[in-house]
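Taking it in order: structure first as structure tokens, then the write-up.
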Amino acid sequence: MSKLGNLGAQLFHGEVGYDFIGKRKIWYGVSVLITITAIVALAVQGLNMGIEFKGGAVFTTPKTSASVEQAQESAEKASGHQAIVQKLGNSTMRVQISGVDTAKSDQIKEDLAKSLDVPAKDINADLVGPSWGEQIANKAWTGLGVFLVLCVIYLAIAFEWRMAAAALVALIHDITITVGVYALVGFEVTPGTVIGLLTILGYSLYDTVVVFDSLKEQGKDAAKQTRFTYSEIANRSINSTLVRSINTTVVALLPVGGLLFIGGGALGAGMLNDISLSLFVGLAAGAYSSIFIATPLVADLKEREPAMKALKKRVLAKRANAAANGEPLDTTTPPVDDDEPEDDLSAAAGVVGGQRRTQQQSRNRGRGRPSGKRR
């Protein structure tokens, strides 16, 4: 077995682990700092909304030897607005200008044709009205709201309301960070960005549900044992799924990172940045929030329950008593119901095993011996 596989087995069985829950105030502080930075970036710089949301014109030129700088200068001079020019793989160009009406687009088309030395009739012009972008934005907000409501209802039914509330906070955390990064780097927000946001919300929820499922299983009948507090059980759940979370996150980030840094950065395919940045930041934030935000929040909410408060007192009292008597504490085996302690279970297993051995011995008795009959 590989070293990572051995580590995963040790984490799963509780032989090793990191105290995520015990250091939750640090994670909360880091998240608050990142969230405040994102909100300030949104308030100061705002989002660079694409032409689909602001309205404008997109010109696609035929094959030309002109440079991007030449096309951008000509488009901005003709329109009086900032232009975004991208050179496509077949030596054609895509010129995007916001706030342009039909009359203005015809003039820009003529000026581009002269500057790039191409026929005006070969330049394709597409106009996008701001009302269309407003409809897209409204539908995106509606879709996001429906998604969050359905997620909360599902988690409340499948798990409990505390887990649903924690997952909702984690999702809002991921959205805020991703949108804040867009404001900081100035990448254009397009319908592809919206698709990326909705995609990473699904991934973030999946990663959170994996940890919650482990917590639900290990926390079943938690109040009936005196070995672990609920926070310790939650910490064991994170550690038992840690390697799985790391593996799925790394595998998901590799292709997205290729799109962002190689396709959009090194190769200059800027259109890939629309969706790849939201996916890359969102996937990383989703993995972080499921481990450092969602599960610690569940532990905080559960520890407020009277039953869990009483459990914590019993566990601490038992440990104090054991320490006073010099007795060792077992903190590696999973919690079991005190009504059926481990010694009794082992004894019961021994009885069952003894009965099986006795029955086997009875069947084997006399085998290989003389029958006693005289020939």
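Summary of values
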| item | result |
| --- | --- |
| Top-ranked residue of region 227-278 - restricted to ones that are at pLDDT 85 or above and outside any helix (DSSP H, G or I), ranked as most open to solvent (accessible area, probe 1.4 Å) | 227 |
| Candidate set: region 193-226, residues that are within 30 Å of residue 96 (Cβ to Cβ) and open to solvent by less than 20 Å² (accessible area, probe 1.4 Å); chosen: the one farthest from the chain's Cα centre (by Cα) | 193 |
| Number of the condition not met by residue 126 [criteria: (1) in a helix (DSSP H, G or I); (2) at pLDDT below 85; (3) in contact with a strand residue (DSSP E or B) (Cβ under 7 Å, 6 or more places away or on another chain)] | (1) |
| Among the residues listed as 183, 223, 164, 170, the single one being closer than 27 Å to residue 322 by Cα and of a type in the set (A, V, I, L, M) | 223 |
| Which numbered condition residue 151 misses (of (1) open to solvent by 30 Å² or more (accessible area, probe 1.4 Å); (2) out of contact with any Gly (no Cβ under 6 Å at 6 or more places or on another chain)) | (1) |
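Table: residues versus (1) without any contact (Cβ under 8 Å) to a residue 12 or more places away in the chain; (2) open to solvent by 50 Å² or more (accessible area, probe 1.4 Å); (3) part of a helix (DSSP H, G or I).
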{"position": "25", "(1), (2), (3)": "yes, yes, yes"}
{"position": "28", "(1), (2), (3)": "no, yes, yes"}
{"position": "36", "(1), (2), (3)": "yes, yes, yes"}
{"position": "57", "(1), (2), (3)": "no, no, no"}
{"position": "85", "(1), (2), (3)": "no, no, no"}
{"position": "95", "(1), (2), (3)": "no, no, no"}
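The values are calculated or read from the model by the stated rules, or taken from the named source; none is laboratory data. Please read all numbers here as calculations on a predicted model, not as lab measurements. A quick note on method: Cβ atoms are made from the backbone with ideal geometry, for glycine too, and the neighbour counts reach across all protein chains shown. Note: accessible area is taken over every heavy atom of the protein model, side chains too, but ligands, DNA and RNA are not part of it. Shrake-Rupley method; radii C 1.70, N 1.55, O 1.52, S 1.80 Å.
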